[in-house]
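**Student:** Here you go, one structure.
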Amino acid sequence: MEIGLTTDMLQFLFMGIQRGAIYAMVAMGFNMIYNATGIINFAQGEFVVLGGLMMVSMTMALNLSLVFAFMVSVAFVTVVGILMERLTINPVRRPTVLRLIIITIAVSILLKGAAMCFWGKGSHYMRHFTDAPPLEIMGAYILPQTLWIIGMLALVVIGYVAFFNYTMTGKCMRACAINRDAARLAGINDRRMVMLSFALSAAIGAIAGIIITPIIQMDYARGALLGLKGFGAAVVGGLGNSMGAVVAGLLLGIIEAGSGGYISSHYMDAIALVIMLGVLFVRPGGLFGSSEMVRLKEF
Amino acid sequence: MLRLVNVNSHYGLVRVLKNVSMHVGQGEIVTLIGANGAGKTTTLRTISGLHPVKAGRIYFQDRDITGWPAERLVELGIAHVPEGRQIFSPMSVNDNLELGGHLVYKHYGKKRLKSEIDQMLDLFPVLGQRRPQYAGTLSGGEQQMLAIAMALMSGPRMLLLDEPSMGLAPMIIRDIFARIARLQQERKLTVLLIEQNAKAALNISDRGYVMETGRILLEEEAGALLANPEVKRAYLGRDQREVWE
């Protein structure tokens with residue numbers, strides 16, 4: 001009994017981390033655009049779907065190698081992100097937060113429709129990255145794909161930190177987020193930074209979609225729920241705080257897997273969202289956001 | 001060097017600048033004084049491209065720069081130190097300077113940026129000691145110096161300063177004004193200055209403009225403005241009683 005309990009827990013933990021890593025990456029994408037523009041990009045979930053579906057076509061239909069397919073898929077979604085910014089966000093003459101958010105909702109519907117036309121309504125199977133059997137750790141099993149997911153999340157986080165702390169472009173993006181006017185007075189082109197934020201957040205979304213597809217079997221309509229969960233993680237972690245988002249994303253995934261396992265798998269989405277609401281009632285700024293920031297933010 | 005011709009500027013429907021015309025010659029220090037809400041800050045923001053021009057023209061070195069975005073004007077050599085020490089508080093002093101010199105990096109590379117930062121630290125030794133610290137942890141005077149240093153990092157020909165003395169102790173204010181005067185000579189800068197502390201500003205200036213409710217009322221040599229009884233009464237806080245009686 002004792003052993004069974006810890007084994008269960010460990011199993012749920014692995015499942016939770018696997019889900020949570022995806023939420024964390026979606027949340028990072030939300031934050032990147034939020035920091036650059038102050039808006040929530042509701043097409044973030046669609047980036048994830050497009051990345052996954054593109055990868056399916058590249059590997060299963062065209063039989064390309066994993067690495068090459070990965071790069072093409074990420075590049076494709078990045079271009080979609082850039083086009084989205086150039087065609088729908090940048091031309092808005094008097095951008096207000098509400099207007100831009102509604103635009104992103106429209107783009108999300110559009111992308112979803114386009115994905116349905118190209119890939120159909122069915123869900124798409126993709127083989128795991130490696131064929132190895134699941135590893136056994138203290139009676140619990142962990143899929144090799146889960147290890148890929150964890151490794152990818154680690155890489156993305158490291159890349160993210162390195163980019164924003166050690167490169168001039170990254171610092172310029174941060175500067176824009178901290179104080180837009182001061183950044184412009186330093187000669188930083190804020191509009192280009194906004195475009196870059198869309199590009200990067202699309203790329204991160206695509207990576208998340210690519211690595212999760214072998215496990216969840218991607219279909220065109222997955223974006224909404226993935227986006228919602230990622231958004232939840234971003235809010236709980238404190239909007240704009242990407243390291244908070246990673247922790248919150250993992251927590252959300254683990255809570256979800258745990259409540260699915262111990263209480264009811266029917267209610268696991270609801271339970272996770274209720275806990276999220278609970279956190280926000282107690283700490284409106286999220287777990288890692290300062291209450292001072294909340295008052296300054298537009299929402 | 002800088003010329004404004006009948007510039008109008010609005011906040012929503014409110015007309016804030018009403019046909020403002022003024023000029024700043026090469027190598028001059030010019031002060032803009034006026035009460036709160038007179039439109040001084042808006043004037044600077046309009047020049048530096050942060051605020052749109054509704055009507056009128058702005059020329060910089062005989063080039064029409066009306067409607068240029070702020071980041072392009074920086075490249076042209078106009079540096080604006082906005083009101084209230086606009087630094088990047090959650091970043092280190094060093095990062096702030098790097099960002100200030102972001103154009104140097106873009107055009108000349110990393111080495112040049114490093115040497116420019118070193119030069120700037122010679123100019124403001126206090127910042128050298130604080131280099132790895134978060135900019136938000138600096139004292140008010142240090143933050144103002146950092147803000148000025150950041151603006152200078154872009155290698156400007158013209159410096160727009162918005163209330164550099166705001167909220168600072170008198171000793172620090174004196175230090176900052178002395179530095180501005182010295183910088184102007186060493187770097188052959190042209191300076192347009194806004195100040196509540198009109199006396200300190202006019203003391204280092206060549207000329208001054210007086211602004212009221214969006215209009216330029218008066219333009220004179222700094223010395224003459226300092227002696228003008230009306231200006232004294234309204235902005236210098238001296239001899240009030242004599243004039244009233």
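**Student:** Count, please, the residues in the stretch B:151-203 that happen to be of a type in the set (Asp, Glu) and either at pLDDT below 85 or on the phi > 0 side of the Ramachandran plot (or both).
**Tutor:** The qualifying residues number 1.
**Student:** So for the stretch A:81-95 (the condition being crowded, with 24+ Cβ neighbours inside 10 Å, touching a residue at least 60 places away in the same chain (Cβ under 8 Å) and of a type outside the set (Asp, Glu)), does at least one residue qualify?
**Tutor:** yes
**Student:** Here are the criteria: (1) at pLDDT 95 or above; (2) surrounded by fewer than 24 Cβ atoms within 10 Å (Cβ to Cβ). Tell me which single one A:MET9 does not satisfy.
**Tutor:** Result: A:MET9 fails condition (1) only.
**Student:** Run down A:THR146, A:THR96, A:THR130 and say which single residue is within 23 Å of A:THR37 (Cα to Cα) and β-branched (Val, Ile, Thr).
**Tutor:** A:THR96
**Student:** Out of the residues in the stretch B:168-206 meeting the condition of being surrounded by 21 or more Cβ atoms within 10 Å (Cβ to Cβ) and touching an Asp or Glu at 6+ places or on another chain (Cβ under 7 Å), tell me which one is farthest from B:LEU44 (Cα to Cα).
**Tutor:** B:ALA201
**Student:** How many residues are over 24 Å from A:GLN11 (Cα atoms) and in contact with an Asp or Glu (Cβ under 9 Å, 6 or more places away or on another chain) when one looks only at the stretch A:232-279?
**Tutor:** Result for the stretch A:232-279: 0.
**Student:** Here is a follow-up. Which one of B:ALA70, B:ALA38, B:ALA79 is surrounded by 15 or more Cβ atoms within 10 Å (Cβ to Cβ), aliphatic (A, V, I, L, M) and at pLDDT below 90?
**Tutor:** B:ALA38
**Student:** When you scan the stretch A:132-195 for helices (runs of 4 or more DSSP H) that lie fully inside it, which ones turn up with 3 or more residues that are touching a His at 6+ places or on another chain (Cβ under 9 Å) and of a type outside the set (Gly, Ala, Ser)?
**Tutor:** Once the helices (runs of 4 or more DSSP H) in the stretch A:132-195 are filtered for at least 3 residues that are touching a His at 6+ places or on another chain (Cβ under 9 Å) and of a type outside the set (Gly, Ala, Ser), what remains is A:144-166, A:168-178.
**Student:** Here is a follow-up. Report the residue count in the stretch B:19-57 for those that are under 16 Å from B:PRO164 (Cα atoms), within 14 Å of chain A (Cβ to nearest Cβ) and aliphatic (A, V, I, L, M).
**Tutor:** Of the residues in the stretch B:19-57, 1 are under 16 Å from B:PRO164 (Cα atoms), within 14 Å of chain A (Cβ to nearest Cβ) and aliphatic (A, V, I, L, M).
**Student:** Answer yes or no as to whether B:VAL104 is surrounded by 14 or more Cβ atoms within 10 Å (Cβ to Cβ), within 14 Å of another protein chain (Cβ to nearest Cβ) and either touching a Cys at 6+ places or on another chain (Cβ under 6 Å) or not in a loop (DSSP other than H, G, I, E, B) (or both).
**Tutor:** Yes.
**Student:** Every residue in the stretch B:58-76 that is small (Gly, Ala, Ser) and within 9 Å of chain A (Cβ to nearest Cβ), please.
**Tutor:** B:ALA70
**Student:** Exactly one condition in (1) polar (S, T, N, Q); (2) under 12 Å from A:MET25 (Cα atoms); (3) within 14 Å of chain B (Cβ to nearest Cβ) is not met by A:ASN241; state its number.
**Tutor:** (2)
**Student:** Which numbered condition trips up A:LEU53, out of (1) assigned to a helix (DSSP H, G or I); (2) out of contact with any strand residue (DSSP E or B) (no Cβ under 6 Å at 6 or more places or on another chain); (3) buried (at least 23 other Cβ atoms within 10 Å of the Cβ)?
**Tutor:** Answer for A:LEU53: the failing condition is (2).
The values are calculated or read from the model by the stated rules, or taken from the named source; none is laboratory data. Quick caveat: nothing in here was measured; it's all calculated off a predicted structure. Heads up, the Cβs are rebuilt from the backbone with ideal geometry, glycines too, and the neighbour counts pull from every protein chain shown.
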